[in-house]
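Heads up: the structure comes next, in C-alpha cells.
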Amino acid sequence: MSSSPEETGPANENEGNRTPSHDSTVSGETLDNRGSTGKRTAEKRKLVDEDSTKQSGEGYDEAADDTRQDAQTKESSIPSDLSTGDKLAGNSALVTKHYNTLESKGLTQRSQSRIVHMRNFNNWIKSMLISEYLGKARQGKGHRAPFKVLDMCCGKGGDLLKWSKANITHLICADIAEVSVEQCQSRYNDLLNRSSNNRGFAPVFTAEFISADCTKVRLREKYKDASCQLDLVSCQFAFHYSFESVQQAECMLRNAGESLRPGGYFIGTIPDAYDLVSRWQKSDTNKFGNDIYSVEFLCEDKVKPPLFGAKYNFHLEEVVNCPEFLVHLPTLAKLALKYGLELVMFERFENFYERMKSEGRSLLGKMRALETYPPCHEAPLLGQNPEDYRYAAQYMQNSTGHRKIGTLSLPEWEATSLYAVFAFQKMKTTWNAEGKPEYFKV
C-alpha cells in the first residue's frame with residue numbers, strides 16, 4: 001500500500017539506470033546490498049529448500065524448527081470468520097484505523113511529495129508484475145474468454161486503471177478498511193461514467209466490493225457467485241500483515257487459492273524478511289532507516305525471530321505508519337502448498353527491475369518513476385542532500401554520451417529495495433478417498 005495510484009505524465013530523458021543500494025557500486029551487474037551478484041530464479045530453487053533462499057539474517061532459517069513443523073504440518077481447521085476471536089484481534093484494528101484515516105491526496109499534492117518517484121517506481125513494479133502474469137494466465141484462453149481477478153487488500157483502488165487497461169471481465173475488490181473500499185467503489189463508478197460518456201473508452205469490467213479482513217474472513221462466502229473461478233489474484237504491499245499468526249496466514253492463503261483455477265496465479269509484493277533482518281542485525285539497536293523511512297523491531301532476538309508475530313513498526317514518510325510482520329519465505333512456500341499454490345517466482349525489486357527495465361522503459365518515463373539527473377531547467381532535486389545523488393553523479397562522471405539519466409535518491413532506494421515480488425501458480429486438484437484435496441503441478 002506504499003505506492004500511489006497510477007499516474008501518467010510526459011516522458012523524460014531517463015536512461016533507466018538503477019540507483020545502487022547503500023554499499024553497492026555502479027557496474028554492469030545487479031548488486032544487492034549484501035554484495036551478491038546472483039539473481040534468484042525460481043528454476044534453481046526448491047520450494048522448501050532453505051539453503052537456496054537464505055540471503056541474510058544468519059540463524060533466521062534455523063529458528064524454531066519444531067515450531068515450524070507444528071505450524072505447517074498439523075491439520076488446522078480454519079473457521080469462516082476469525083475476526084471475533086480475542087487472540088486474533090491483534091493488529092487488525094490498528095491497520096484498519098490507519099488506512100481509514102489516511103488522507104487522500106490529489107495529483108498536484110502527490111507530485112510535490114519527497115517520495116513521489118519512489119511511489120511511482122513501486123507503481124511501475126506493480127504494473128510490470130501484473131502485466132507479466134496477466135500474459136501467463138491468458139495463455140491457452142480464448143481471446144474473448146472471461147478473465148476474473150481478485151484484488152485482495154485493494155486499498156482505495158490504485159490498480160483500477162491497470163485492470164481496465166488489461167481488459168479483464170470481472171474484478172472482486174476486498175479490503176479491511178471500509179472507507180478505502182468506499183473510495184475504491186467511487187473510483188470504479190467514475191470509470192463507468194467515463195466509459196459510458198466516451199465511445200472510444202474501453203468497456204469497463206463488472207466489479208463487486210467487499211469490506212472484510214482478508215486474514216480472518218473467508219472471502220468466497222461473500223462473493224456474488226461463490227462458484228466463480230479466478231484467473232489471477234493480486235495482493236500488493238499487504239500480505240505481510242497476515243503473518244501475525246499462523247491462522248491468519250493460512251486464512252489469507254486459502255482466500256488466494258481456493259477460487260483460483262488450476263494454472264492461475266497469485267502475485268504480490270512484500271518486504272523481504274531476509275533484508276530486514278540483515279539490516280536489523282547490522283544496527284546497534286532495534287531501529288534503522290533514514291530520513292524517509294524507519295523500521296523498529298519489537299522482538300528482541302535478532303538471531304532467531306519467531307516465524308509468526310515477528311513484529312516491527314514501519315514508518316514511510318506521508319504514507320505508512322503501522323505495525324507489520326516478517327514473512328519467512330520457506331514457511332510461506334510450505335504453507336501455500338497446503339492450498340495448492342506453488343512458489344514459481346521470488347525476486348527483490350532491484351532484480352525484477354533489471355529483468356523488466358528494457359520491456360518497461362517507455363512506461364518508466366510515462367509514470368515518472370525515476371528522477372531526472374541532472375534536473376531539467378535547473379529545477380531543484382527532491383533530495384536536499386547532494387550525497388543522496390552521489391551514485392548518479394559518479395555514473396555521469398564515468399560515462400559518455402549521457403546528458404541525463406534516471407535515478408532514485410539514495411534514501412528512496414534504501415526504502416524501496418526492502419521489497420520483493422512473488423508469484424504462486426495454482427496446481428491441479430484431485431480428491432482422494434478421504435475427500436481431501438491433493439495437488440499436482442499444472
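The values are calculated or read from the model by the stated rules, or taken from the named source; none is laboratory data. This is a predicted model, so every value here is computed, not measured. We place every Cβ from the backbone using ideal geometry, glycine too, and count neighbours over all the protein chains shown.
Just a few scattered comments:
- Check on Y419, without any contact (Cβ under 8 Å) to a residue 60 or more places away in the chain, under 30 Å from F314 (Cβ atoms) and not β-branched (V, I, T): no
- Any hit, the range 124-132, residues being farther than 12 Å from M367 by Cβ and of a type in the set (S, T, N, Q): yes
- One residue from S259, S283 being modelled with pLDDT of 95 or more, surrounded by fewer than 24 Cβ atoms within 10 Å (Cβ to Cβ) and more than 28 Å from F147 (Cα to Cα): S283
- C376 falls short on exactly one of the conditions (1) of a type outside the set (D, E); (2) touching a strand residue (DSSP E or B) at 6+ places or on another chain (Cβ under 8 Å); (3) more than 30 Å from A256 (Cβ to Cβ), and that condition is (2).
- When the range 183-218 is filtered for residues that are out of contact with any strand residue (DSSP E or B) (no Cβ under 8 Å at 6 or more places or on another chain), of a type in the set (D, E, K, R) and modelled with pLDDT of 95 or more, the ones remaining, listed by number, are R187, D213.
- Scanning the range 317-353 for residues that are more than 29 Å from M427 (Cα to Cα) and more than 16 Å from the chain's Cα centre (by Cα) returns E317, E318, N321, C322, P323.
- Residue that is surrounded by the most Cβ atoms within 10 Å (Cβ to Cβ), among those in the range 227-245 that are farther than 21 Å from Y439 by Cα and among the hydrophobic types (A, V, I, L, M, F, W, C): F243
- Candidates in the range 110-169 are the residues that are of a type in the set (S, T, Y) and touching a Phe, Trp or Tyr at 6+ places or on another chain (Cβ under 8 Å); of these, the one that is surrounded by the most Cβ atoms within 10 Å (Cβ to Cβ) is Y133.
- Residues that are touching a strand residue (DSSP E or B) at 6+ places or on another chain (Cβ under 9 Å), modelled with pLDDT of 95 or more, surrounded by 18 or more Cβ atoms within 10 Å (Cβ to Cβ) and basic (K, R) occur in the range 300-315; there is at least one.
- Any hit, the range 204-213, residues being crowded, with 23+ Cβ neighbours inside 10 Å, aliphatic (A, V, I, L, M) and in contact with a Lys or Arg (Cβ under 6 Å, 6 or more places away or on another chain): no
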